[in-house]
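Each remark here refers to the structure printed beneath this line.
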Amino acid sequence: KWMAELSLVKTLAQKFRCKKTDIYRRFQSKLETPDGVFKVLRVIVEKPNKKPLTAHFGGISLRWNPLAAIGELPNIIWSGRSELLERLLAGCF
């Protein structure tokens, strides 16, 4: 998380031609989540007659959760038999 945040801050500092500390002063805020209060980098864009657009970096708990469900299925690369072996067993030469 620290490396990704530092990369983001360096990129923004280069874009706005200022120091990294200026980026932290300008965009750093606190975000309350069910997991607690986190320091995040946040940008809020006000729009007339609409809800403001909000983007933040951070605010995700990095604690280990043993009950977390993994939603990925393993990729099946090996089907068990090769094509040549299947043809030999089928009698198709």
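The values are calculated or read from the model by the stated rules, or taken from the named source; none is laboratory data. The model shown is predicted, which means the values in this text are computed figures rather than measured ones. For neighbour counting, all protein chains shown are included, and Cβ atoms are generated from backbone atoms with ideal geometry for every residue, glycine included. For the accessible areas, the whole protein counts, side chains as well, though only heavy atoms, and no ligand, DNA or RNA atoms are used. Shrake-Rupley method; radii C 1.70, N 1.55, O 1.52, S 1.80 Å.
Some points to look at:
- Between Cys18 and Val43, the C-beta separation translates, for a Förster distance of 22 Å, into a calculated FRET efficiency of about 0.90.
- For the chain, the mean residue ellipticity at 222 nm estimated from helices alone is -10000 deg cm²/dmol, where every DSSP H run of n ≥ 4 contributes -39500 (n - 2.57) and the total is divided by all residues, rounded to the nearest 500.
- Cα point-scatterer Debye curve for the chain, base-10 log of I(q)/I(0) at q = 0.10, 0.23, 0.26 Å⁻¹: -0.53, -1.16, -1.29
- Entry comment: accessible area of the stretch 1-56 is 86 Å² per residue, from protein heavy atoms only and a probe of 1.4 Å.
- Debye, to nearest 20: dipole size of the chain, +1 on Lys, Arg Cβ, -1 on Asp, Glu Cβ: 860
- Legend: residues Leu41, Leu88, Leu67, sorted from most to least accessible area (1.4 Å probe; ligands, DNA and RNA excluded), read Leu67, Leu88, Leu41.
- Peptide packing for 57-66, 17-26, 44-53 was compared via the average number of neighbouring C-beta atoms within 10 Å per residue; ordered from the highest value, the list is 17-26, 57-66, 44-53.
- The chain, accessible surface, carbon-and-sulfur percent (1.4 angstrom probe): 58
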